[in-house]
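Read the structure below first, then the notes.
Bear in mind these aren't lab numbers, they're just calculated from the coordinates by the rules spelled out. The model shown is predicted, which means the values in this text are computed figures rather than measured ones. Backbone-built Cβ (ideal geometry, glycine too); neighbour counts: all protein chains shown.
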């Protein structure tokens, strides 16, 4: 072909992730039935799947939920499902997800012009804009009115509750997936824009495009990395033992929660403008995450986990409106929160429960969800600052994740463990967003 | 001792009086509990912890237990319980994991007595021992149950639920040492309080969390459980394996369940999501609640019977910040509103009828059941209900079979199979369908097709003029439209129309003969009532009944009654026309061949023909002109129950008529027709209809449920993964029985022995052999 003057594109990326060496993924993730299965069903193994394959039990659960959301019977037509996901991914400037779903959207028979901009899409889809925006950045602002506007009898175009809940799950699922994509620094697929080039890049020139995560050499020397792990180990053991001894007051507990919530974690590494491809699909791109309650301001009422929980309330509602979906989500949350290999960095036989719990609750805390029975002091003890920076960036501004934030935390941990942390952030974020929306829907149908 | 106390409390119960009443709380309630003498109730929630006195006419706030400058999370209660022996003793479970006891006898404002902070997570439930003053049990989200001796500072024993969250714990009312615990994973465990090392017994009660359980107050073996799976189950624990003896299906997850005092089979439930009502069920009648309380505006979080021996007062607290006392006599009784009769037609015209027996027997002079007759299969079930109250629970079910020989829906099936809906020019389709209808002895439908052809066929095909002159001529003889010139055709048609005329006459007379009878059946607007009155007669009397029954069901086959009806109908719609029509009829000797033909048809066609044939003479005639009439005609067919005709015409006419009928109606017709076709298992036809429809809601039916579940042919287990290899037995799942290669593509298999393979191979094999190629000995057949 080259002789005929046709330029042959070459794949640029050297592996599925810009942060994790391809070698590592291949060694740990190779030769798994899930991958074979996913290859057979999709005809390819995309980068997302490859990275997730580091945790096969999660991957198989993830593939099931993907299939249930996008393929199985449901109230929304197939092409709409993918378009909703495109809209959702665009909010986080995640060109990887936008392109994946755009392709699927076209395959499902979608109208190509819709991808040229949200203004070409039907009014009904565009009416999701507000909800999409809030779900992505500030789900605690979602109220009964937002639901009412879409569902009530006079609404034009009107959403049925089943359709709405399908769309909400699609959006929340995609938002949290964007966090994962950015957090793991996934490279564009070879057929994505930015994933190929017609001329091989010279070795000196590192491609810097808005389509792929920044290639910064974030690898700092491993100063005292080993010591960190030891300290963390010790703290976890202490925490597990001391529970009964120390009895702190009510105020102290509230303060601890507030402290975690409002601790200023600098996350503003402003990235270049998002690519045109994505930008045209976003309305109000300036609407971003803002701290749940910046210091000194009147905070919106926090959500008490005991008053509206996934197990007691959310599940029943989803199951009622979209049979089976509740089951799939329930399974996903369970897999994420129970996933453990009983090891940490170079140590084996470690009970990582407290650490996982701290991560999960920290993210819920960022989203204004509080557990009465959790001592937020342990978040401070267990999560080092660089980890908090990473987690908060990922959960709240995923598009600003850089290689340096990724490499800065848990320097002695395996990559697969960092991906595990990513999974927890993703699951916790999904649940938080869903809880707020489901609570509003419950209030609406009351 | 226990007996004694019982007697006294039972006596006390007679003094309970009151009415349905409520009071506003300041905050949502999470749980409520009453003290033993039924005079006070405690309400606990995240921001409320108060005691109310139950007076004759109202609730009176007695005590606020939330004291102190900054209420601690220890006050944020998930559950509360009032000791049933010590009237000063209360316990609460806090969302932060604390278990707190309160002594109302304390002189200070702060009544807090003991504080246990041994649980790491939210405590979901606290439960006092029914007879022991100092024994308290708690169950927590952290997976532990703890037993406290209130005389000591800490728990005396800990029971581990293996890190599954505990949702409820309940001491048995009868067995001193036993308690039951329900778990988030669906299990229920029985423990002996003396043996903290392991549970006595465990069984899976529900899928998903079991939110609540309750021991029967009198029957020692019975335990009721309620779960997120919307079920209430009653277990008999006296046997070796816990046996499910009753099951009630509710409409939402079950948050609380409480046996009703003094009523062996009654229990009350409430839900934590969506449904705000409180239901009282008779577990022997699980399909309809015995009583319902509908006062709350948000989910009910706590229910409790006011007195342990009085079944008439129920207290409830809710998220809507109200506390209610419900009088049982004020409850809604859903059964009163339930329809006492059920009626359903079978596919082939059979009829099933279920009726409350009391209705039947109250009908004096009639035998309740034609039980002896074999031809009328009859089922009845009876439930003895000695405790009265619940309306007598027994119904009779009768099934009336139609005469098998007539199998009277044949016409529907044949029509569905023979109609052509696409693939040919419009006129041919109409002609074909007309022929089909005629052969099935449905002249009206046949004529309708023919007329549609005339109305809508493209005038450009032939000289407009001649066609209009022809009028209704080509009605019955589509074959006459061959290569003839307009004039010769005219002549020919004239001749034939005469023949048709004669031909049709008998049919006409038939109509008039039948008219009387038909009118009778039509006239009785509710034929069902009529029949069911008679259904209770004995055999001889049933004969005429059966006849009646048949006529009703057969109506569609006769096709004539509808015409008679239609005529009347249309005339009423257009009062000006009938005169015209009658004139025409009277003047028939004078009219031209066209109209003679018209007159010989059933009146309705003649009417529409007249209204059509007149404008036909005008050269400006446009096909759209007929649309309103056709639309009316289609609605008429659909309303008469012949939705098949409506849909078929809709498809064949396509664009010509679609715009005239609103989408919803179209969709409705399509859905009904497809549903009918699928009931008759006419899958191919139904699929064709789906494909040809233009409603988006219908065409997308084809895209749903496209998953095909298969089992591995070796190990007979479901194939969960994709690809050709079964992940259980590691064999290629779909090997061809002839060539032993994996079949990728068309796979044909015998439904008898489930062996199969490549389509071609099997075909070849079975040409020469009659046995299965796999050697299983089955005689396969390829058709």
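FRET efficiency for residue B:678 and residue B:624, Cβ-Cβ distance as r, R0 = 35 Å, nearest 0.05? Using R0 = 35 Å, I get an efficiency of 0.50.
For the stretch A:326-421, what does the alpha-carbon gyration tensor say about shape, rounded, prolate or oblate, given a ≥ b ≥ c as the root eigenvalues, a/c under 1.5 as rounded, and a/b over b/c as prolate? Rounded is the answer for the stretch A:326-421, as its axis ratio a/c remains below 1.5.
Put a dot 7 Å past the Cα of residue B:428, heading toward its Cβ, do the same for residue B:764, and the two dots end up 3.8 nm apart. Peptide packing: for A:392-402, B:254-264, the average count of neighbouring Cβ atoms within 10 Å per residue gives the ranking A:392-402, B:254-264, highest mean first. Here the gap between residue B:782 and residue B:635, fully extended at 0.36 nm per residue and compared with their Cα-Cα distance, gives a gain of 48.5 nm. Sorted into 5 angstrom bins from 0, the C-alpha pair distances of the stretch A:382-446 split as 4, 16, 22, 22, 12, 8, 7, 5, 3, 1, 0 percent.
Quote the FRET efficiency, to the nearest 0.05, computed for residue B:60 versus residue B:27 with a Förster distance R0 of 22 Å and r equal to the Cβ-Cβ distance. Efficiency at R0 = 22 Å is approximately 0.75. From least to most packed, judged by other beta carbons within 10 angstrom and beginning with the fewest, A:103, B:337 follow the order B:337, A:103. Shielding value for B:265-273 is 2, the average number of Cβ atoms from other chains within 10 Å of each residue's Cβ. When peptides B:21-33, B:766-778 are ranked by their average number of other Cβ atoms within 10 Å per residue, the highest-first order is B:21-33, B:766-778.
Peptide A:366-378 has a mean of 3 when you count, residue by residue, the C-beta atoms of other protein chains within 10 Å of its C-beta. Please check which bits of the stretch B:227-261 a label hung off residue B:202 would reach, taking the label as a point 7 Å along Cα-to-C-beta and the cut-off as backbone N under 18 Å. From the stretch B:227-261, the list is B:241-243. Where in the stretch A:86-119 does the label zone of residue A:129 land, with the point 7 angstrom along Cα→C-beta and an amide N cut-off under 19 Å? Label zone hits: A:86-94, A:113-119.
Per-residue extension of 0.36 nm, minus the Cα-Cα distance of residue B:158 and residue B:244, leaves a gain of 28.1 nm for this segment. Residue ranges A:181-191, B:667-677 sort as A:181-191, B:667-677 when ordered by packing (mean number of other C-beta atoms within 10 Å per residue, highest first).
Among B:699, B:250, A:437, sorting on how many other beta-carbon atoms sit within 10 Å of each Cβ, with the fewest leading, yields B:699, B:250, A:437. Cβ crowding within 10 Å, taken as a proxy for footprinting-reagent exposure, orders A:328, A:105 from fewest neighbours to most as A:328, A:105. A Förster radius of 60 Å combined with the Cβ-Cβ distance from residue B:715 to residue A:347 puts the calculated FRET efficiency at roughly 0.90. Under the rule a/c < 1.5 gives rounded, and otherwise a/b versus b/c splits prolate from oblate, where does the stretch B:182-245 land using the Cα gyration tensor? It comes out oblate by the Cα gyration axes. Inter-chain neighbour count for A:33-41: the average number of beta-carbon atoms from partner chains within 10 Å of each residue's beta-carbon is 3. Across the stretch B:256-297, C-alpha contacts under 8 Å between residues 6 or more apart give a mean separation that, scaled by the residue count, equals a relative contact order of 29 percent.
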